1. Which count do you get for residues in the range 226-270 that are assigned to a helix (DSSP H, G or I), over 20 Å from the mean Cα position of the chain (by Cα), over 21 Å from residue 95 (Cβ atoms) and in contact (Cβ under 8 Å) with a residue 24 or more places away in the chain?
2. Taking the range 277-295, which residues are in a loop (DSSP other than H, G, I, E, B) and surrounded by 13 or more Cβ atoms within 10 Å (Cβ to Cβ)?
3. Among the listed residues 141, 81, identify the single one that is out of contact with any strand residue (DSSP E or B) (no Cβ under 7 Å at 6 or more places or on another chain) and surrounded by fewer than 19 Cβ atoms within 10 Å (Cβ to Cβ).
4. Counting only residues that are in contact (Cβ under 8 Å) with a residue 24 or more places away in the chain and not in a strand (DSSP E or B), which one in the range 23-33 is farthest from residue 49 (Cα to Cα)?
5. For the range 200-218, enumerate the residues that are within 19 Å of residue 60 (Cα to Cα) and part of a strand (DSSP E or B).
6. For the range 180-206, which residues satisfy the criterion of being in contact with a helix residue (DSSP H, G or I) (Cβ under 6 Å, 6 or more places away or on another chain) and farther than 18 Å from residue 226 by Cα?
């Protein structure tokens with residue numbers, strides 16, 4: 001890392017500080033003479049993130065945290081500090097939320113058709129029509145695990161997952177195809193969005209793309225709206241949610257010149273996919289996690305599967 005910074009005439013001062021060490025990544029910050037820099041080492045299951053972030057920075061450099069350097073083989077990222085992220089006050093503010101969803105839609109529309117999924121090995125491809133079968137497969141895998149395994153699924157969970165998969169099949173069948181498969185960021189929430197107010201207006205930069213997959217882009221909006229409710233510990237009012245969806249789809253409608261009613265129907269149909277995408281993303285980590293990590297974090301995928309199973313209720 002010091003060498004890559006030195007290539008740009010920069011020098012580290014002081015010792016690194018470990019900001020976060022989790023099964024999905026280790027993040028450290030370093031003070032350089034020119035300012036703070038962040039180093040991220042991803043779990044091998046998310047190794048594609050380094051190359052993907054570099055690709056996004058080439059396509060939309062003003063709206064993502066562009067890396068200083070990447071090591072695709074190791075899954076390493078080095079990035080400048082871009083200031084504070086959105087906070088609870090922002091998440092509770094409807095105008096700020098509208099700004100976020102419009103910026104998100106513009107980011108997605110700018111990327112549409114410009115990324116090649118084959119250039120990012122490990123980026124899971126999950127068409128909406130395959131979500132039900134993916135849930136069935138995961139449930140069968142979990143049922144086959146030994147009874148003492150943290151992810152072992154009892155027969156009742158296997159049955160509920162199968163019923164939920166049927167709901168997924170039915171809900172996704174009417175999707176129009178007006179929006180093609182593309183990058184589904186799958187982790188847009190306040191702490192992953194830098195907020196610069198220096199110019200008098202809110203300028204946003206998105207970062208942290210390790211949970212991304214190749215699927216229906218609209219699922220990203222639903223994930224963000226769910227995170228808003230989690231941060232506020234309260235559901236969005238129907239009027240606020242509708243306004244956020246309208247703000248988001250307005251950008252898509254102008255980009256695609258698509259029928260507004262069609263886009264609204266597609267947006268509604270993709271809501272059921274949020275926890276499927278989160279589950280699939282998390283399961284990429286399992287082959288690289290030791291038994292202690294799996295026991296410690298097993299509640300995450302189990303809760304995701306429970307949320308999927310609840311579709312059958």
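1. 5
2. 284, 285, 289
3. Being out of contact with any strand residue (DSSP E or B) (no Cβ under 7 Å at 6 or more places or on another chain) and surrounded by fewer than 19 Cβ atoms within 10 Å (Cβ to Cβ) holds for just one of 141, 81, which is 141.
4. Among residues in the range 23-33 that are in contact (Cβ under 8 Å) with a residue 24 or more places away in the chain and not in a strand (DSSP E or B), the one farthest from residue 49 (Cα to Cα) is 23.
5. Answer for the range 200-218, where residues must be within 19 Å of residue 60 (Cα to Cα) and part of a strand (DSSP E or B): 203, 204, 205, 206, 213, 214.
6. Those that are in contact with a helix residue (DSSP H, G or I) (Cβ under 6 Å, 6 or more places away or on another chain) and farther than 18 Å from residue 226 by Cα: 183, 202, 204.
Read-outs: derived from the displayed coordinates by stated rules, not from any lab. Note that this is a predicted model, so its numbers are computed, not measured. All Cβ positions, even for glycine, are placed from backbone atoms using ideal geometry, and neighbour counts span all protein chains on display.
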